[in-house]
Amino acid sequence: MYRKRYSLKFLLAGLLALGLTSCGGDDNDGFQFGESSGNPGTVTPPKEITARMETPEPLTNGTTVVLSHSTKESSGREVLTYSLEYDKAKYHSRWVAFRFDGDTRAKSVSRSDEPFADDPSLASNLRIGSNGFGYAYNRGHLCASADRLYSRSANAITFYMSNMSPQMGSFNQAYWITLEGLVQKLGRDVSFADTLYVVKGGTVKDGQILDWVNRVNGTRVAVPKYYYMALLKVKNGTYSSIAFWMEHKDYGYTYDHQAPLSEMKQHAVTVNDLEQKTGINFFPNLSRTGQKEEVVESQLIPANWKL
């Protein structure tokens, strides 16, 4: 079982947020968010991000930067669209985290097909340019365009390059997309979850990199060897979890013949198992709800997740 390691700063952030998080219903943590929290290039995660339920424990060794993106909605609320931890040497996000709740589960718009763009919150030396990854790889969304359909502006910012991963076309369009579709369906089903917390990513730590993509500005973007998702839901105050881990390869499916949902079950693992594989501490704020984190994260009941 992955041993949790908490920095003092991270623990203080969680304590500051104690009492602000509901244990059921739409969990918005009582925070308001700006377009980007912190200064570009900062390695100190703002407490408003690290205190959120979906946010994994960031690294504190200076190799990454934690950012968030939000939108101002017609209600006047500022809603966080997604947050991410960006690896400054691999030019790729370590994880992207978001939630489906009362603010974000709506399906009000279609895919915007906004132009891909560098993330304006990243320092200029961390940007990779908005052009494609070449014939071998798609610009694969981590927080999918279809994950953020609650407003046009929210959908548009999913096209930032910090949210892109070099994915094989058959994997992106015919395999990974099946799991993404399940998560979107569950996240928008109010009978399934009051809030569904989602963490997605491709592996970029040493030993878990498949390839590198050279960019015109001289940077080299890591191509993940594996992709993963960690899911946590709350319904009527009860929490449950599941995770997925899959190799980045061609599984023999095409855009016109996408993988069936039954394929995804073979990739299901516990969140604790995923922590061992990735070295990432998922849902570290779970314990402040009164739940036993290790118990919730040891669950693996695919049928409870429509598999």
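For the stretch 116-133, what are the residues that are in a helix (DSSP H, G or I) and crowded, with 19+ Cβ neighbours inside 10 Å?
Across the stretch 116-133, the qualifying residue is only L126.
Suppose we filter I242, I280 for residues that are surrounded by 17 or more Cβ atoms within 10 Å (Cβ to Cβ) and not in a loop (DSSP other than H, G, I, E, B); which single one remains?
None of the other options fit; the residue is I242.
Here is a list: M264, M229. Which entry is within 16 Å of Q167 (Cα to Cα), of a type outside the set (F, W, Y) and in contact with a Leu (Cβ under 9 Å, 6 or more places away or on another chain)?
Result of the check over M264, M229: M229.
Being modelled with pLDDT of 85 or more, of a type in the set (V, I, T), closer than 21 Å to K205 by Cβ and surrounded by 21 or more Cβ atoms within 10 Å (Cβ to Cβ) is true for just one of T60, T50. Which residue is that?
None of the other options fit; the residue is T50.
Across the stretch 239-251, what is the number of residues that are out of contact with any Ser or Thr (no Cβ under 6 Å at 6 or more places or on another chain) and touching a residue at least 40 places away in the same chain (Cβ under 8 Å)?
9
Run down T81, T55, T71 and say which single residue is touching a residue at least 60 places away in the same chain (Cβ under 8 Å), surrounded by 22 or more Cβ atoms within 10 Å (Cβ to Cβ), of a type outside the set (D, E, K, R) and over 30 Å from Q276 (Cα atoms).
After ruling out the rest, the residue left standing is T71.
What residue, of D189, D256, D206, is over 21 Å from the mean Cα position of the chain (by Cα) and free of Cβ contacts under 8 Å to residues at least 60 places away in the same chain?
Selected residue: D256, the only one of D189, D256, D206 that is over 21 Å from the mean Cα position of the chain (by Cα) and free of Cβ contacts under 8 Å to residues at least 60 places away in the same chain.
How many residues are of a type in the set (G, A, S) and buried (at least 23 other Cβ atoms within 10 Å of the Cβ) if we restrict to the stretch 198-236?
Selection size over the stretch 198-236: 4.
The values are calculated or read from the model by the stated rules, or taken from the named source; none is laboratory data. Quick caveat, the model's predicted, so the values are computed rather than measured. For neighbour counting, all protein chains shown are included, and Cβ atoms are generated from backbone atoms with ideal geometry for every residue, glycine included.
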